[in-house]
Amino acid sequence: SESKCSCGIVQNSLISLKRTITKAFRQRSEVRYFLIYRAITYPANAALIAATISYVNEQIQISSRDLGIAVLIILACAIPGNRISLSLMEKFDPLRSLKLCILIITILPCMVSILVSEPGHEYRLYLVSILWGLLLGWKEPSEKTVLCNLIPPGIEAEMMGLYVGAGQLMMWMSPLIFTVMNENGVNLR
């Protein structure tokens, strides 16, 4: 009898989720596009981090210690990046703030390849890490604020679950693409 109860709970949850998605997509079609955006950009950010680490490690031969310091700088700078996000969302609206952040994040890989181009540029990597951390701290609260503004009332919990799920949906693809490219000798620059 426990399996029937468990199956019923799963079935009811899936029915409720389908109802929520249908309601959200009918009332606010932008939610659908935002979740597609999340499914694409979240794995892309993870791939960008992996590609950058491989680039500076193999091409520039930055030590593991310096790479660890850069990662700590990124994490530490995400905190003030969050505060930047709050002030920019007040100055502009959350969507414009997010668009500006995404634009700068798009330029970031070019900056890394230009500024950190040969051994001995560890300090430049640290400077780029500051910017990267600020941007990551800026992006996450901006995304969540935009989504909260899009969600129809009464289905907030389910939609935040879909937001997290959309981010994880394609996480396998970018590491696979990067690994195939890396193993086939594609130049990281």
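Here are some notes:
- Every test in (1) β-branched (Val, Ile, Thr); (2) crowded, with 18+ Cβ neighbours inside 10 Å; (3) closer than 23 Å to residue 135 by Cα; (4) out of contact with any Phe, Trp or Tyr (no Cβ under 8 Å at 6 or more places or on another chain) is passed by residue 74 save one, and that test is (4).
- Subset of region 22-65 [at pLDDT below 80, open to solvent by 50 Å² or more (accessible area, probe 1.4 Å) and aliphatic (A, V, I, L, M)]: 49, 53
- Here residue 57 meets the list (1) without any contact (Cβ under 8 Å) to a residue 24 or more places away in the chain; (2) under 24 Å from residue 163 (Cβ atoms) almost entirely, failing just condition (2).
- Count of region 161-189 residues which are open to solvent by 60 Å² or more (accessible area, probe 1.4 Å), of a type outside the set (Asp, Glu) and either at pLDDT below 80 or assigned to a helix (DSSP H, G or I) (or both): 13
- If you filter region 109-133 down to residues that are of a type in the set (Val, Ile, Thr) and open to solvent by 50 Å² or more (accessible area, probe 1.4 Å), you find that the one that is farthest from residue 46 (Cα to Cα) is 114.
The values are calculated or read from the model by the stated rules, or taken from the named source; none is laboratory data. Everything numeric in this text was worked out from a predicted model, so none of it was measured. Counting neighbours? That spans all protein chains shown, and the Cβs are built from the backbone with ideal geometry, glycine included. Keep in mind that these areas ignore ligands, DNA and RNA; they rest on the heavy atoms of the full protein, side chains included. Shrake-Rupley method; radii C 1.70, N 1.55, O 1.52, S 1.80 Å.
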